[in-house]
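Visitor: One structure is given below, represented as C-alpha cells, and several questions about it will come after.
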Amino acid sequence: MSPRSERAARPLTARALRARPLPRPDEGGDKEDRGRTLVVGGAPTLPGALVLAGTAVLRAGAGKLQLATCRSVALHVGTAVPEALVVHLPESRGGGISAGAAGAIAERAEQADALLLGPGMVDERAIAALLGRLLPRVAKPVVVLDAGALAPLAHSPELLRDLGGRVVLTPHAGEMTSLLGVDKADVERDPAAAARRAAAELGAVVALKGAATLVADPDGALLRYEGGRVGLATSGSGDTLAGIVAGLVARGASPLDGAAWGVFLHGEAGNALARRVGPIGYLARELLDEVPPLMARLAKR
C-alpha cells in the first residue's frame, strides 16, 4: 500500500465497529424480522461452496435461508443444510446453472433482503448469460457477488448500473485484476487505490481480500483490516466471508457496514482458531461456529 493510501484508510477495529452497530433483533420478533437471504451457486463439482456460504448466512444471524443450485446436487445440499429451503435449477452443459433459471431466481430474489451469487459457480459462459438476464430484474435485495459471479463484470460492468448501489463485491487480487483490466502487480502495489477505483467505477462496496483486507465504497470511504492471518488462506474461506456479509445485510446492515463487519468477524474468527487449533490447518467450516460469540461480544458496550 502506498504511503498516501495508507494514510487515507481508516483502521477497521472493534472500536470502529461499535460506532456503527448492527441492527438489533427484537426479542419479541420472529425469523422474518431478521431477513431473508437467497444464495445461488454450487455445481456438481463444488456443492460444498454453497453449503459453506449458506451456513455462514445463518451464523451471521439472518432469519431465513434459501439455497438455489444445480438440479443434480440439490438434494445433497438440502441434506447438508437442513435449515434451508433448497431450489433445484436447470444445468448448463458445462455443469453450471443455466441462464434459463434467471426468471425463477428473480422471482425468489424479490422476496429476499439479500441475494448472494457466486459461491461454487462454474461454466463462465453460463454465468455471464445468467447474470445478464437476472441482474436487470433484481429490484429489491442487496446483491453480494463473489467468486464466479465476479468475472462477467470485467466485460459487462453495466450489469450493476440499475442496482442503485445495492451491491457488495468480494474479490481477491486476481479477480480484481480482471475487474479493472490491470496487472496483478498493480493491484498488489497499491490495493487501496484498486479498491477505491473499483468501488467508484462499479458503484459498489468492494472488499478486496488480502493480507490486509480493504473495504471501499463509491463515496470514497476506505477501511483497512490488518488482523487476518495466513490460516484464512484456505479452501472455502471466501465462501464463508461472502455468506457472512450476505447474512448481515439481510438483517438490515448497509452494504458498507455489512462488508466491514463481515471482514472483521471473518478475520477474528480465524484468529480465535489460530490460538486454539494452530496458525494453519483449521477448516473454513470451523470459522462459522466462532461468529455468533464474536458478534455477541462486540455488541456489548
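The numbers here are math on the coordinates, done by the rules we state, and not lab data. Please read all numbers here as calculations on a predicted model, not as lab measurements. Cβ sites come from the backbone with ideal geometry, for glycine too, and all protein chains shown count toward neighbours.
Visitor: Across the stretch 134-146, what is the number of residues that are under 19 Å from A101 (Cα atoms) and either touching a Cys at 6+ places or on another chain (Cβ under 9 Å) or not in a loop (DSSP other than H, G, I, E, B) (or both)?
Guide: Residues flagged as under 19 Å from A101 (Cα atoms) and either touching a Cys at 6+ places or on another chain (Cβ under 9 Å) or not in a loop (DSSP other than H, G, I, E, B) (or both) within the stretch 134-146 amount to 7.
Visitor: Another question, if that's okay. For the stretch 259-295, which positions are in contact with a helix residue (DSSP H, G or I) (Cβ under 8 Å, 6 or more places away or on another chain), aliphatic (A, V, I, L, M) and not in a helix (DSSP H, G or I)?
Guide: The answer is V277, I280.
Visitor: Right, here's the next one. Please identify the pairs in which a residue from the stretch 266-278 that is surrounded by 17 or more Cβ atoms within 10 Å (Cβ to Cβ) has its Cβ atom under 8 Å from the Cβ atom of a residue that is in a helix (DSSP H, G or I) and charged (D, E, K, R), counting only partners at least 6 apart or on another chain.
Guide: Note: pairs meeting the criteria are E268/E290; A269/E290; A272/E290; L273/E286; L273/E290.
Visitor: Taking V144 as meeting all but one of (1) out of contact with any helix residue (DSSP H, G or I) (no Cβ under 7 Å at 6 or more places or on another chain); (2) of a type outside the set (D, E, K, R); (3) under 29 Å from E286 (Cα atoms), write down the number of the exception.
Guide: The single condition V144 does not satisfy is (1).
Visitor: Got a sec? Which of P255, P279 is in contact with a Gly (Cβ under 8 Å, 6 or more places away or on another chain) and over 17 Å from V57 (Cα atoms)? Outline the logic, then answer.
Guide: Working: P255 fails: over 17 Å from V57 (Cα atoms).
Just a single option satisfies the conditions, and that option is P279.
Visitor: Shifting gears a bit: Can you name every residue in the stretch 149-189 that is surrounded by fewer than 21 Cβ atoms within 10 Å (Cβ to Cβ), polar (S, T, N, Q) and in a loop (DSSP other than H, G, I, E, B)?
Guide: Across the stretch 149-189, the qualifying residue is only S156.
Visitor: Also, quick follow-up: Kindly provide the set of residues from the stretch 83-127 that are of a type in the set (D, E) and either more than 19 Å from the chain's Cα centre (by Cα) or part of a helix (DSSP H, G or I) (or both), ordered by number. Full working, then the answer.
Guide: Restricting attention to the stretch 83-127, the residues satisfying the condition of being of a type in the set (D, E) are 83, 91, 107, 110, 113, 123-124.
E83, E91, E107, D123, E124 - these are the residues of the stretch 83-127 that are of a type in the set (D, E) and either more than 19 Å from the chain's Cα centre (by Cα) or part of a helix (DSSP H, G or I) (or both).
Visitor: Specify which of the listed residues (T37, T69) is of a type outside the set (A, V, I, L, M, F, W, C), in contact with a Lys or Arg (Cβ under 9 Å, 6 or more places away or on another chain), in contact (Cβ under 8 Å) with a residue 12 or more places away in the chain and not in a helix (DSSP H, G or I). Steps first, please.
Guide: On the way: T69 fails: in contact with a Lys or Arg (Cβ under 9 Å, 6 or more places away or on another chain).
T37 is the lone residue from the list that is of a type outside the set (A, V, I, L, M, F, W, C), in contact with a Lys or Arg (Cβ under 9 Å, 6 or more places away or on another chain), in contact (Cβ under 8 Å) with a residue 12 or more places away in the chain and not in a helix (DSSP H, G or I).
Visitor: Here's a follow-up. I want to confirm something. Restricting to the stretch 23-80 and keeping residues that are β-branched (V, I, T) and over 26 Å from A260 (Cβ atoms), which single residue is surrounded by the most Cβ atoms within 10 Å (Cβ to Cβ)? First the steps, then the outcome.
Guide: Applying the first criterion (β-branched (V, I, T)) to the stretch 23-80 yields 37, 39-40, 45, 51, 55, 57, 69, 73, 77, 79.
So of that shortlist, the ones also over 26 Å from A260 (Cβ atoms) come out as 45, 69, 73, 77, 79.
On the way: T45: 13, T69: 33, V73: 24, V77: 25, T79: 10.
Across the stretch 23-80, the extreme among qualifying residues is T69.
Visitor: Contact list please: Cβ distance under 8 Å, first residue in the stretch 230-241 and within 20 Å of R275 (Cβ to Cβ), second residue hydrophobic (A, V, I, L, M, F, W, C) and in a loop (DSSP other than H, G, I, E, B), pairs at least six apart or on different chains.
Guide: V230/I280; G231/I280; T234/I280; T234/L283
For every residue, the table says whether it meets (1) closer than 24 Å to A9 by Cβ; (2) among the small types (G, A, S).
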{"position": "Y225", "(1), (2)": "yes, no"}
{"position": "L232", "(1), (2)": "yes, no"}
{"position": "S235", "(1), (2)": "no, yes"}
{"position": "R251", "(1), (2)": "no, no"}
{"position": "A259", "(1), (2)": "yes, yes"}
{"position": "R276", "(1), (2)": "no, no"}
{"position": "I280", "(1), (2)": "no, no"}
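Visitor: Follow-up question, since we're still on this one. How do the pairs read when you match residues in the stretch 190-216 that are without any contact (Cβ under 8 Å) to a residue 24 or more places away in the chain and crowded, with 23+ Cβ neighbours inside 10 Å with residues anywhere that are part of a helix (DSSP H, G or I) and not charged (D, E, K, R), using Cβ under 6 Å and keeping only pairs 6 or more apart or on different chains?
Guide: A194/M176; A194/V187
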